[in-house]
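Below: the structure, in C-alpha cells.
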Amino acid sequence: MSSLPGSENVRGAALRSVCLETMKDGRPPSGPPPYSSPPPPSTKQNPRVRGVVAPLVSFSEWTTCHGIPQAVRSKKCFFIVFWSLITVVASALMIWQVSMLVMKYYAYPITVSIELKFEQRPFPAVTVCNLNPYKASELKQFPNVKRLLDTYQYALEMISCGEDPRCSGKVDETLEGYRKMYGLMDILDSGALQTHTRNLLALEMGAYNAEDAVDSLPELIRSCSFNTYACNLSDWTAWQDPRMGQCFTFNQQSNHSAKRAGPTYGLRLLLLTDRREYLATSESAGMRVIVTDQTELIFPDITGYVVATGTSASIGVNYVSPLHSSCLDQGVFQREVSRLGPPYGKCSNEKPSNFLYARDGDYSAEACQRSMYQQEMVERCGCYDPSYPKPHYADVEVCRVETASQFNCWRSLTKQSSFNNCTQPCREGVYQGLVSSARWPSGSTESIGGCMEGTFPESCYETYKNNGALVEVYYSKLNYESMKESGGYSIVSLLSDLGGQIGLWLGLSIISLVEFVILVMQVCLGFCNPKTVPHTTPPYDPPKTPF
C-alpha cells in the first residue's frame with residue numbers, strides 16, 4: 001500500500017520531537033507504545049527473596065532512624081562506608097550501655113534515707129535481772145544441782161593445785177567421777193570452767209521448779225517511781241529466764257509515755273540483792289538492765305548493761321542518730337530501721353514454723369538462731385535444751401546428764417557455730433547506748449529507800465553499799481532517727497535511661513522502635529506471602545547533595 005502524501009514528513013517530525021525530550025531528562029517518555037518504557041529483564045527472581053528484600057530496601061525511605069537513611073542517600077562510596085561505620089559503632093556502644101543499665105537494675109541497689117523525727121513516743125520497756133540467777137540456800141533441795149556445784153568447787157581446787165604434791169591427799173574419788181561425767185577433766189582454765197558450769201547449771205535446773213529459788217519483785221526492786229509518781233505492781237511483768245533467773249520488765253504494755261526529757265520525768269529504781277546468796281558461778285555482784293522496744297524479744301543473757309552494786313547508773317535515752325553521738329551526752333541512741341525484702345535484700349518479718357517465741361514478740365535474728373538450734377537438738381538428740389523454750393512441735397523431754405547419749409549430743413551441739421539461714425527483720429527499733437555511773441550511796445544520810453535500822457544485819461548504809469544500786473532511765477531528747485531503705489533504681493529510672501541512651505547513640509524514639517516492629521512484620525509477611533509485595537518498587541530519587 002502506498003503511503004499518503006506528506007505522511008513521511010509528519011513521522012520524521014514526531015521522531016525528532018521524541019529524541020529532544022529524551023535528551024532533556026535522560027528517561028523515555030511514559031505513555032502508550034511506541035513511547036512506553038522498555039520491558040524488565042527476563043531473569044526470574046525468587047518470590048520469597050523479593051518479599052524479604054523489597055521491605056528492607058524501602059525501609060530507608062520512611063524510617064526516622066538517622067544512620068540508615070544517610071548511608072542509603074549517599075552517592076559516593078566513601079560516604080556510604082563512613083555512615084555505615086558510624087551506625088555500626090553507635091549501635092555497639094548503645095548495646096553496651098543498655099546492657100550495663102539492665103545489669104544495674106537487676107543488681108537491685110538500695111538507697112537509705114535518714115529522717116530525724118520529733119514526736120511523743122511510749123517510754124521503752126526496761127528489764128531488770130539479778131546477776132545471781134538463783135539463791136544458793138534454796139538450791140540445796142535440788143540434788144543434781146548441788147552435785148554440780150560441789151563438783152565445780154572441787155574442780156576449781158584441782159586447777160589451783162595443779163602438780164603440787166600437797167594436793168594429792170585432797171583427791172575425792174566420788175567428785176572425780178562426777179568431774180569426768182560432766183566433762184570437766186580437760187578444762188584447766190578457771191574462766192572456761194565457770195562458763196561451762198553455767199551452761200550445765202541451766203541444763204540441771206531444767207528438771208526442777210525454780211519458783212522458790214528466784215527473787216521476788218519486792219526483794220529485788222525496793223523502790224520505783226516514774227515521772228515523779230510511784231509505780232504500781234501492774235506496771236511490772238515477771239518472767240523467768242533459764243540462765244538469768246527471775247526478771248522483771250517495766251512498761252511492757254506501753255502504758256507510760258514520755259512527757260518531757262530529763263531524769264526527773266523518767267524511771268528511777270532502787271535495787272537490792274543479797275551477796276550471801278550468790279552461787280559460786282556468779283562472779284560479779286550487781287544487776288543487768290535492758291532497754292528495748294515493747295515488741296522486741298528480750299535476751300538478758302547476751303544483751304543489756306551491767307550495774308555494779310554500790311553504784312548509781314544513769315541511762316539517758318536519746319532518739320537521735322549514732323552518727324552524731326560525739327556531740328551528745330552519753331545515752332541510749334535509738335533508730336527506727338525499715339529494710340527491704342526480696343529482691344532487694346534478705347529480710348523477713350515472718351516467723352518460721354519452728355519459731356520458739358511465737359507469742360512473746362516480733363521476729364528477730366537471735367530468736368531464729370535459737371529456734372534453729374533447738375530444732376537441731378530435737379532431731380539429733382531426741383531431747384530439748386532447757387536453756388531455751390520447749391518446742392511446741394515435738395513431745396520430747398529435757399536433756400539429762402545421766403543419759404550419756406543425750407548429754408554427749410548436747411555437748412557437741414553447744415560447740416556448733418550459728419546457723420546462716422536466719423535473716424534480719426524488715427522493721428525494728430534499735431537501741432544503742434552508754435551508761436554513766438557514780439559511787440553510791442554518798443553517805444550524806446543514813447535513810448536510804450525507806451530503810452529502817454535493824455531491818456538488815458548491817459546498817460542501811462552498809463547494806464545498800466554492798467548489795468544495792470540506783471538506776472535512772474530517762475529521755476535526754478524526744479527526737480529519734482528513722483532509717484528507711486528504698487529501691488535505688490526503679491523501673492521508671494531504667495526506662496528513662498534506656499530512652500536517653502538509645503536517643504543519644506542512634507537518635508531513636510518510641511516511634512522508631514515501632515517502625516522496626518513494622519519492618520519485621522513486613523519481612524515476615526513478604527516471606528510467607530510474597531504476593532502482598534508489589535513487583536516493582538517506585539524508584540527513589542535521592543536529593544541533590546554533593547555527597
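The values are calculated or read from the model by the stated rules, or taken from the named source; none is laboratory data. Quantities reported herein were computed from a predicted structural model and do not represent experimental measurements. Please note: Cβ atoms are built from the backbone with ideal geometry, for glycine as well, and neighbour counts cover all protein chains shown. Calculation scope for accessible area: heavy atoms of the full protein, side chains included, ligands and nucleic acids excluded. Shrake-Rupley method; radii C 1.70, N 1.55, O 1.52, S 1.80 Å.
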*asked:* Criterion first (touching a strand residue (DSSP E or B) at 6+ places or on another chain (Cβ under 9 Å), crowded, with 18+ Cβ neighbours inside 10 Å, in contact (Cβ under 8 Å) with a residue 24 or more places away in the chain and at positive phi) does N227 satisfy it?
replied: no
*For residues that are touching a Ser or Thr at 6+ places or on another chain (Cβ under 7 Å) and open to solvent by 70 Å² or more (accessible area, probe 1.4 Å), tally how many sit in segment 252-270.*
2
_Checking I159 against (1) within 30 Å of Y474 (Cβ to Cβ); (2) surrounded by 12 or more Cβ atoms within 10 Å (Cβ to Cβ); (3) β-branched (V, I, T), the condition it does not meet_ = (1)
*Exactly one condition in (1) more than 34 Å from the chain's Cα centre (by Cα); (2) open to solvent by less than 50 Å² (accessible area, probe 1.4 Å); (3) over 30 Å from S490 (Cα atoms) is not met by T174; state its number.*
(2)
*Which residue pairs have Cβ atoms closer than 6 Å, lie 6 or more positions apart in sequence or on different chains, and pair a first residue in segment 254-274 that is under 14 Å from Y229 (Cβ atoms) with a second residue that is part of a strand (DSSP E or B) and open to solvent by 40 Å² or more (accessible area, probe 1.4 Å)?*
S257/P122
*Taking segment 61-91 as the region of interest, how many residues are open to solvent by less than 60 Å² (accessible area, probe 1.4 Å) and free of Cβ contacts under 8 Å to residues at least 40 places away in the same chain?*
4
*Within the bounds of segment 419-428, is there any residue that is among the acidic types (D, E) and more than 31 Å from the chain's Cα centre (by Cα)?*
no
*Can you tell me which residue in segment 400-418 is nearest to the chain's Cα centre (by Cα), limited to those that are more than 26 Å from Y363 (Cβ to Cβ) and outside any helix (DSSP H, G or I)?*
K415
*Please work out if N144 is closer than 30 Å to Q194 by Cα, in a loop (DSSP other than H, G, I, E, B) and either open to solvent by less than 20 Å² (accessible area, probe 1.4 Å) or of a type outside the set (D, E) (or both).*
no
*Looking at this structure, is T249 open to solvent by 50 Å² or more (accessible area, probe 1.4 Å), under 26 Å from G450 (Cβ atoms) and outside any loop (DSSP other than H, G, I, E, B)?*
no
